[in-house]
Amino acid sequence: MNLNHIGIAVRSIEEQLRLWHGVLGLRIRSVEDLAEQKVRLAMLEAGAVTIELLEPLTADSPIAKFIAKRGEGLHHLSFEVPDINQTIRALKNRGLQMIDDVPRKGAHGSSIAFVHPSSTGGVLIELCQEAGITRGGTMHIETDVVHGGQHPDKWTGALAPPIYQTSTFAFRDADHGARLFKGEEAGHIYTRISNPTIELLAAKIALLESAEAGLIFASGLASIFNVVVATVRAGENVVSDDTIYGGTYTLFRNVLPRLGIEVIFVDATDPERFAGAINERTKLAFIETPANPTLKIIDIAARAEQTRSRGVPLCVDNTFATPCLQRPIEHGADIVVHSATKYFGGHGDIIGGVAVGRKDFIQGLWKYAKDVGASISPFNAWLILRGLKTLAVRMERHCANARKIADYLDRHEKVEKVYYPGLESHPGHDIACHQMRDFGGMIGFDVKGGKEAGKLMMNSVKLCTLAVSLGDVDTLIEHPGSMTHSGYSEKELLECGIKPGFVRLSAGLEHVDDIIADLNQALDRI
């Protein structure tokens, strides 16, 4: 059992120093002496201090023995451990009584909170789940979106996480600031670099996506750009599916070549063409499934097997599905990106992006991102955290509404074709059944009569909102060819299956009968 962080709330700093003098055998005369003992003390609030050990302690250390006894003046103790199950066994062996005997298992540690001494002379303990813990398979995602990575504030008991709405963090002294800048000590300097609210959001989304770590950005496009520039250098290339979000396509087509990065577009549903596009200069493969806007379905596991054999990381844009419906990393993907603006936020009031993956990759990505400056505000991060609480129930309604709308459109005489992976007629239906829990809230359809008929239909809706974006509580409808995907040429649109009369609809949370009635009256005008 290694203890990396210990915090104790006591009546006074003097009592704290006496307590630690007895526990650790340190000859502490003042706060300054703590640095010589490889222990750091920071004032949190009146009567509360945090002790951080600069070196881990073993199970045989004085503090490990102390926690099995009733600590005089001990009000609250918490510490982080690398192996939660090992820690639980060690504590039980010392006769400690568990409040919660069914811990959430995590690959990166957990937190134990010692609440108060027990009547038998031991210590009652309660498991808390700290930021940075991955899913361990014991909780359903409906539970994880509510509780995962979060717990009541250990000092105030606040259930909602704090908004650390600050640009700058104070240093305890000049040496403390120097250590933070050198990376010798964990802590916060400036919100562009790190912020507790933003880090909590990153950890929570990583948990939901079965990833080791995550990083939050100002927008989904910023997350994609940073992933590319952290992975690919001038003279190298990215192999991308040809049907992706219009903003991503414009970035790949117009911006990356100016940095000397080539992008090779290919239909990723064709395994031979996809494999043939990868060469010795390929450093990243990028797909989006379901794809925006045609709902193309790509076999993630099959593409991941191909990229892995060539030593190329696979990045999947999972915005349309969310981890409630699909977790690409569980199918072999290396990196997952999202526009958190969409379903994560869910209310059309924020802009944000996220990238998740292995911890070493995210650490490397952070080194680039902190210098690029595409950081999200703490308040926007907090709004996304709030939105995530209802993600599972919202996705259920989005999916249920979309299924009924797709069935309605599929039978309508003025609709030429419907693009929805939940329909058996969709070419990717079988793959979607295998890699998705449900088929999502997005629908594409071709209106008979082409672009003019589609414009008339969209101009005639009354309940649905003619607007871009998606994943909102409102039903949104738009014309990709002239709006979100206007960066494609007419030829490129057709090659990707986006016809002139193609309409994209994001099913909202209204009653589905009202949505269908509105679409019906609009189609009647054609």
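The values are calculated or read from the model by the stated rules, or taken from the named source; none is laboratory data. All figures in this text were calculated on a predicted structure; none of them were measured in a lab. Neighbour counts are summed over all protein chains in view; Cβ atoms, including those assigned to glycine, are modelled from backbone coordinates with ideal geometry. Ligands, DNA and RNA are stripped out before the accessible areas are found, and what is left, the full protein with its side chains, is counted by its heavy atoms. Shrake-Rupley method; radii C 1.70, N 1.55, O 1.52, S 1.80 Å.
A few comments on the model shown:
- N279-Y190 pseudo-label distance in nm [points 7 Å out on the Cα-to-Cβ vector]: 4.1
- As a length-normalised measure over Cα pairs under 8 Å and 6 or more apart, the relative contact order of region 237-373 settles at 18 percent.
- Summing charges over neighbours of F265, with a neighbour being any other residue whose Cβ is under 15 Å away from its Cβ, gives -4 when K and R count +1 and D and E count -1.
- For region 393-524, accessible area per residue (1.4 Å probe, heavy atoms of protein chains only), Å²: 43
- Once backbone amide H atoms are built at 1.01 Å from N, S210 has R135 as its partners under 5 Å, excluding neighbours fewer than 5 places away on the same chain.
- Peptides 223-232, 268-277 ordered by packing proxy, namely the average of other Cβ atoms within 10 Å per residue, highest first: 223-232, 268-277.
- Note on region 461-505: semi-axes of the ellipsoid equivalent to its C-alpha gyration tensor, largest first and rounded to whole Å, are 22, 10, 8.
- Counted by Cβ distance under 15 Å from I198, the other residues give a net charge of +3, where Lys and Arg count +1 and Asp and Glu count -1.
- Per residue, the convex hull volume that the Cα atoms of region 275-387 enclose (Å³): 127
- Charge context of D518, other residues only, Cβ under 13 angstrom, K/R +1, D/E -1: -3
- For region 393-524, a crude dipole built from +1 on the beta carbon of Lys and Arg and -1 on the beta carbon of Asp and Glu, taken about the Cα centre, is about 120 debye to the nearest 20.
- Links that overshoot a 27 Å alpha carbon limit, given the list K455/K491; K389/K417; K182/K342; K204/K499; K462/K499; K296/K342: K389/K417; K182/K342; K204/K499
- A protection proxy built from the mean count of other Cβ atoms within 10 Å ranks the segments 369-376, 168-175, most packed first, as 369-376, 168-175.
- A 1.4 Å probe run over region 253-366, with the rest of the protein chains in place, finds 35 Å² accessible per residue.
- Sites L466 and L259 - FRET efficiency at Förster radius 45 Å, r taken between beta-carbons, to 0.05: 0.80
- Percent antiparallel among DSSP beta bridges (both partners in region 393-524, rounded to 5): 85
- Each Lys and Arg adds +1 at its Cβ and each Asp and Glu adds -1 at its Cβ; summed about the Cα centre, region 202-319 shows a dipole of about 340 debye.
- Heavy-atom accessible surface of region 393-524: percent carbon and sulfur, 1.4 Å: 50
- For region 286-425, DSSP calls about 40 percent of its internal beta bridges antiparallel.
- Summarised in one figure, the compactness ratio Rg/Rh of region 393-524, Cα atoms and Kirkwood Rh, is 0.94.
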